[in-house]
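Here's the structure, in C-alpha cells; my notes come after.
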Amino acid sequence: MAEVNLSHSQIFLFCLAAWLIGIALASFFSFNIFLVFCLILIGLLALIISWSRPSRRLAFFCWLFLFLGIFRLALSSPDFSDNSKIYHYLGETQKFSGTINNIDSRLSYQKLTIEADTLISGRAKGKISGQVLVNANLFPRFQLGDRVAVECLLSKPSKIQDFDYEKYLARYNIYALCRLAQVSKISSFFDDFKIGERILSQPLMTVKFFLFSFKSQLARALALSLPEPKASFFQGFILNERGNISQTWLDKFSLVGLTHVIAISGSHIVVIIAIISALLVYFGLARPRTFWLVVIIISAYTLMIGAPASAVRSVIMASALLYAQKIGRLANSANAVIFAAALMALVNPKIIIFDVGFQLSFLAVLGLIYLEPILRPKLSWLPNFLNLPELVSVSLAAQIATLPLIAFNFHRWSLLALLANLLVLPLVPLMMISGFVTAFSGALFLPLGRLFGLVSWFLGGYFLLVSDYLSRWPLAALALSANWSALWLLLYLPILFWCWPARRKIKIQPT
C-alpha cells in the first residue's frame, strides 16, 4: 500500500472532519453505546499496533474520531426515564424552584430559561436538575441569577408548522416547556450580600450577571437615545436583543435576505476587533501584546449577547487566526473553520444538525473561502467604485453556498437578496460603530447619546427604508414547494464539482 505523506495539520483536519461526520451520523441513526465504546477501544488498539505505518495510522485515527463523535452525541441525549430530571415529569402540573440563567424579553412577555433544582410539590419531591423554558408575564421583571418558584403544566416542545421546535430547543438542552406559568421570586443573586462567597462559588454566573446587567444598561440607553423602530433594530444589531423587533420587520428582513445583518456574526466580530485593536494601539500598547486583551473582550462580548452560534464560531476562528498572526505562522482559514466547528461540537454536539443558524453560518464562511476567489475574476468587468467587484463576489458566494439549505428549511428564496446586500453591506461597519458609540455615550450621559444617536438614526433609517421598499416588490421572494425540499440539497453536488478543480489554485490568506 502506498504511504500517505500528509502534514500534521492535514492529519488533524481529517480527524476533525471524521469527528463531525460521527456526530452527524449519530443524529440520524441509533447506535448501541456499548458497541460504540468497544469500537473505540478496537480503534485505539489498532492505532497503537499500526503506528509505524502512516497510511494505516491515518485510517485508524479517523476511525477513532468517527466513533468518538458518535459516542459524544450519545452522551448528550436525554434519558426521560430518569426521575431526577425535570423533563421526566412532562404532562404533569408541577411546582419547582430554580435559577434563571437566561432572559429573552419580548414585546408582551418574558421567556425565562430556568435551571430547576428542587421539586416543591407533586408525586416526587426532592432534588432535580434540567432546564425549563418558561413563558412569564412581562411584569414583574426578573434578573439573571434570580431564584424563582414556578408552577405550571410541563409540556414537550412540538412542531410549529414546518418548524421543528423540539430540535431547536434540544440544542440548548431544553426538553420541557411551561407555556402558562405562575412565577414568583424567591431571592436575587446578591440578596444575602455575601458577594465574595457568591463570586467564589458561582464565578461563571457572576460574570454572566454583570455582563447581562451591562447589556441591559446599553439596551436602555439605545431605547432612550433613538426612536422606534430604530432603537429596537440597533438593540438586535449590536446586542442580539431581537425580542423588541416586531414580526412585521422580521418578515421584511427575511423577505429581502437581510436577516443575517441583525444576526451577530463574523462581520460584527471583525469590526469589534478592529475598534479594540486601534484603541489599544492608540493608548500605547504594542500590537503583539494586544492579543490576550482582544480575545478576552470579544469573548466577554459574545457571552454578554448570549453566545449565539455564529458569534461563537467567529470568536474561535478570530482567536485562532490572531494567535497564528501573533506567532508569525500563516493561518489557513479552512482549517480554522473546521476547528471552530469541532470545538463547538465538543461542547454541544446537537448544534451540528439541530441548529440551522450554525449550519448557515459555516456554509457562508466556506462559500467565502472557496467560491469567492472563483467568482471575483469573473466580475472584473464591473466598475471598481466602492470596491464593487469584491462586494458582489462576496455576496454571491455566501448566497450560493447557503441557498440549498435555505430552500430546504424555509421553502423560500429571496430574489432581491443580492441587490439588498449591495445597498446595505458597505454601511454595516459604520452602523456598528455608530450603534456602539450611541449605546456607550447614552449609558454615560443621555444627552450625549442622543447627539451621537443622530448618526445612528440616519444609518438605521436607511437600512429600514431599503428593507421596507424592497419587501414591497411583487417578486421579492420566490415560494418553493415543501414537497421537493430535500432535492434542493442535491444542488451542493454541482457546487462541489465546481469548486473541487479550483481548490488547489485558491491561496487562502489570513483574515
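Got a sec? Which of 277, 246, 267 is modelled with pLDDT under 85, under 30 Å from residue 412 (Cα atoms) and of a type in the set (Ser, Thr, Tyr)? Reasoning before the result, please.
Details: 277 fails: under 30 Å from residue 412 (Cα atoms); 246 fails: modelled with pLDDT under 85.
Selected residue: 267, the only one of 277, 246, 267 that is modelled with pLDDT under 85, under 30 Å from residue 412 (Cα atoms) and of a type in the set (Ser, Thr, Tyr).
Could you tell me whether segment 85-94 includes any residue that is touching a residue at least 24 places away in the same chain (Cβ under 8 Å), of a type outside the set (D, E, K, R), surrounded by 14 or more Cβ atoms within 10 Å (Cβ to Cβ) and out of contact with any Gly (no Cβ under 9 Å at 6 or more places or on another chain)?
Within segment 85-94 (the criterion being touching a residue at least 24 places away in the same chain (Cβ under 8 Å), of a type outside the set (D, E, K, R), surrounded by 14 or more Cβ atoms within 10 Å (Cβ to Cβ) and out of contact with any Gly (no Cβ under 9 Å at 6 or more places or on another chain)), the answer is yes, since at least one residue qualifies.
Check residue 425 against each of (1) closer than 25 Å to residue 376 by Cα; (2) exposed (fewer than 14 other Cβ atoms within 10 Å of the Cβ); (3) at pLDDT 80 or above and name the one condition it does not meet.
So the condition that residue 425 fails would be (2).
Might you check whether a residue that is touching a Lys or Arg at 6+ places or on another chain (Cβ under 9 Å), closer than 20 Å to residue 349 by Cβ and part of a strand (DSSP E or B) occurs anywhere in segment 150-158?
No: zero hits.
Would you please name the residue that is modelled with the highest pLDDT, looking only at residues in segment 159-182 that are assigned to a strand (DSSP E or B) and surrounded by fewer than 17 Cβ atoms within 10 Å (Cβ to Cβ)?
182
Output the number of residues of segment 337-393 satisfying the condition of being touching a Leu at 6+ places or on another chain (Cβ under 8 Å) and among the hydroxyl-bearing types (Ser, Thr, Tyr).
Going through segment 337-393 one residue at a time, the tally reaches 1.
For residue 383, only one of the following conditions fails: (1) more than 26 Å from residue 489 (Cβ to Cβ); (2) of a type outside the set (D, E, K, R); (3) part of a helix (DSSP H, G or I). What is its number?
All conditions pass for residue 383, except number (3).
Please work out which one of (1) in contact with a helix residue (DSSP H, G or I) (Cβ under 7 Å, 6 or more places away or on another chain); (2) aromatic (Phe, Trp, Tyr); (3) farther than 29 Å from residue 474 by Cα is the condition residue 413 fails and give its number.
(3)
Just to be sure before I move on: is residue 360 of a type outside the set (Asp, Glu) and within 30 Å of residue 455 (Cβ to Cβ) in the structure I sent?
No.
Suppose the filter is in contact (Cβ under 8 Å) with a residue 60 or more places away in the chain, closer than 19 Å to residue 228 by Cβ, among the hydrophobic types (A, V, I, L, M, F, W, C) and surrounded by fewer than 16 Cβ atoms within 10 Å (Cβ to Cβ); does residue 465 pass it?
Taking the combined requirement at face value, the residue does not satisfy it.
The values are calculated or read from the model by the stated rules, or taken from the named source; none is laboratory data. Note that the structure is predicted; figures quoted are calculated from it, not measured. Reconstructed Cβ throughout: ideal geometry from the backbone, glycine too, with neighbour counts over all protein chains shown.
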